[in-house]
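Shown next, in structure tokens, is the structure this report addresses.
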Amino acid sequence: MIKKKRKLLIQVSLIILPLFALLLVASVFGVYNSSIEAYEDARESHVRMILDQASYVFGPQSIPDLDMLFDEWEKNPLDMRIKPQEETLNAYYAYMREIDIDSGLGSFEWLATLPEDIARTYVNMQYYATRIDIDQLIEKSDCNEIIVLDITGENCGMVLFDSSMDYEMKKIGDYFEHSLSEQKVFKELETAEPGDVLFRKSNGFPREGEYNIAYRPVMINDKAEFAIGLVYEWEFFLQGATANARKAVWIVVGFTVVIMFALLFFLYRIAIKPVSEIQSSLRDYISDKDSDKIISKLGRVKAKNEFGRLADNTAELISTITRYNDENIHLAQERERVATELDTARQIQASQLPSIFPAFPDRKEFDIYASMIPAKEVGGDFYDFFTVDEDHLALVMADVSGKGVPAALFMMMCKSLISNYTAMGLCPKEVIEKTNLTICSNNDQMMFVTVWFGILEISTGRVTAVNAGHEYPVIGKPDGSFELFEDTHCSMVGTMPSRKYKEYEFTLEKGGTLFLYTDGIPEATDGKGEMFGTERLLDTLEAHAFEKIEDMLSAVKNAVNDFVGEAPQFDDLTMLGIKLN
């Protein structure tokens, strides 16, 4: 027993350990990636916030004359490298106090009205004021620098602003089109929306080393003409991201290892040991079938979980199996008795239908034959034929709703009613109406029956008939051709007590054939779901038109059986044929 327990523990361990290893790898990978993504999201959010502030500085709300200033900065980049001197500033302020500074301020026309030195000082001061705002923004963030680049026209790639630039450094007015395929970035920025941000990795731009740059377009007259670039070191970003990721990974590894060993220990105590005891008990039951001994042994499994309940359920199962073995012997005997009774019922049902052929050996004027093959032990279809007098023969073909014993009992009642009312000398219409009224008066099961009922005048071949929702009859001519006779359909019998029915007449020629059937013939289905249909029925009848009626019906049955093959059938196959000689 100990050996079996150890073997099970080893098998479980061989399953759990690789799964935990995979889980650990997946967890480490997931935690690492999640940490990096979280850090990237936080960094991206931070970068967007700084760009929002930088966009505000370089926006029309802060610099109404933004397009004019950018144009002047591009025309005179070297002037922007020189910080305004105090003497120059004093002259500028003195001039501005003497003019109306509100009239046309910030426009190209206004700037053209100023003296050249005053205009240059104005543009230079705007640049210097922007430097102050951006420097304050840089101090509050951890980015390296903020640059502004021209992204359109002949000055594409020109640096208009660089927060890291000392006035003595030569950057404003320089070009960076050689680095990082900026031209492609600029093309993307031209079609970007005002709030869009494009993130790019850089090597050697705007200085030596690896950097991340986040670009945002600067819109002038609803067109992206310049771009703000926020620069921060890639190595610094990577260190911050991986430091947090490593901490999370080590926590996950330690937690996973502890959980793995704890799981193995508890799995052995609460699962492996009880399972081994249950397995041993079942082996003993298989060998000696001593249910009392095994139930007592299973009672010693004290696990307070599903395995404890499994032991209890197994004990109940063994007790139930023992009881069912005894009951199954009784049930087998009962099933044999029921099968015998059903066979008897089938024989009784068959005995109620005309089954002796030739049915009228003394009558040479016609040849008649009928058959019924129930889909179950007993069926709901029925046929009947009987003489009303010397020159009249009643013909019945009917299909009761449902199958089995209830349909068979309902069938026998319908058959008796039609026979009795016909014997009273009623016409087909009156026979069906009275049968319908009688059935509806006591039809709690809501069953119904389709009926074709006709009376054949043997001497003339004239048939008076009623079709109560049944299949169309098939009429064969003396030349061997058959066709579907689409007669007048009335309501099924057993649906409404006040229902009225219509008679119709036709003449069956000498040498002609009348073929009646239930829907089990045309609706017989093969394994592909295709039905036998009336076309195949007519073809079969025509192929055997000059044979005896019995042979003709046998040919139809064989054709249906060959068509359906091994597919199960759920409806009775009932046929009746009569030929006038």
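The values are calculated or read from the model by the stated rules, or taken from the named source; none is laboratory data. All figures in this text were calculated on a predicted structure; none of them were measured in a lab. Cβ coordinates were reconstructed from backbone atoms using ideal geometry, including for glycine residues, and neighbour counts include every protein chain displayed. For accessibility, only protein heavy atoms count, side chains too; no ligands or nucleic acids. Shrake-Rupley method; radii C 1.70, N 1.55, O 1.52, S 1.80 Å.
Using 26 Å as the Cα-Cα cut-off, could you pick out the over-long pairs in Lys140/Lys187; Lys415/Lys579; Lys528/Lys579; Lys434/Lys477; Lys415/Lys500? Provide the component values of the computation, followed by the final result.
Values: Lys140/Lys187 31 Å; Lys415/Lys579 23 Å; Lys528/Lys579 35 Å; Lys434/Lys477 33 Å; Lys415/Lys500 20 Å.
From Lys140/Lys187; Lys415/Lys579; Lys528/Lys579; Lys434/Lys477; Lys415/Lys500, over 26 Å: Lys140/Lys187; Lys528/Lys579; Lys434/Lys477.
Could you sort the peptides 486-495, 83-92, 529-538 by per-residue average Cβ neighbour count (10 Å cutoff), highest mean leading? Please list the in-between numbers first.
Values: 486-495: 18.3, 83-92: 13.1, 529-538: 15.2.
Top to bottom by mean Cβ count within 10 Å: 486-495, 529-538, 83-92.
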Exercise for review: Work out, step by step, the length gained on full extension between Leu317 and Ile99: first 0.36 nm times the residue separation, then minus their alpha carbon distance; give nm to one decimal.
Suggested key: 67.7 nm
Review point. So how long is each side of the stretch 397-485 along the principal axes, counting just the alpha-carbon atoms, biggest first, in Å?
Key: 48, 29, 17
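As an exercise, take the mean of 1/r over every pair of distinct alpha carbons in the stretch 377-437, invert it, and state the Kirkwood radius in angstroms.
About 12.1 Å, per the Kirkwood formula over Cα pairs.
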Revision key, fill the gap. Rounded to 0.05, the calculated FRET efficiency for the beta carbons of Asn76 and Lys201 at R₀ = 22 Å is 0.05
Review point. Measuring from label point to label point, each 7 Å out along Cα→Cβ, what is the Glu523 to Lys83 span in nm?
Key: 10.2 nm
Check your understanding: With every protein chain in place, what's the accessible area of Glu365 (1.4 Å probe, Å², nearest 10)?
Key -> 70 Å²
Point to revise | Cα-derived Rg over Rh, computed across the stretch 434-580 with Rh taken as Kirkwood radius | key: 1.01
Check your understanding: How much FRET efficiency would the formula 1/(1 + (r/R0)^6) give for Lys364 and Asp389, where r is the Cβ-Cβ distance and R0 is 22 Å, rounded to 0.05?
Key -> 0.80
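Can you put Arg462, Arg363, Arg323 in order of accessible area, largest first, using a 1.4 Å probe? Don't skip to the answer; put the middle values down first.
On the way: Arg462 90, Arg363 50, Arg323 110 Å².
Largest accessible area first, the residues go Arg323, Arg462, Arg363.
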Practice item. For Ser491 and Tyr128, compute 0.36 nm times the residue count separating them, minus their Cα-Cα distance, and round to one decimal in nm. Key: 120.5 nm
Exercise for review: Could you calculate the FRET efficiency of Ser498 with Glu457 from 1/(1 + (r/R0)^6), where r is the beta carbon distance between them and R0 is 22 Å, rounded to 0.05?
Suggested key: 0.15
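When Lys and Arg each count +1 and Asp and Glu each count -1, what net charge do the other residues less than 14 Å away from Val388, Cβ to Cβ, add up to?
Details: positive: Arg363, Arg462; negative: Asp384, Asp389, Glu390, Asp391, Glu430, Glu457.
Value of the local net charge: -4.
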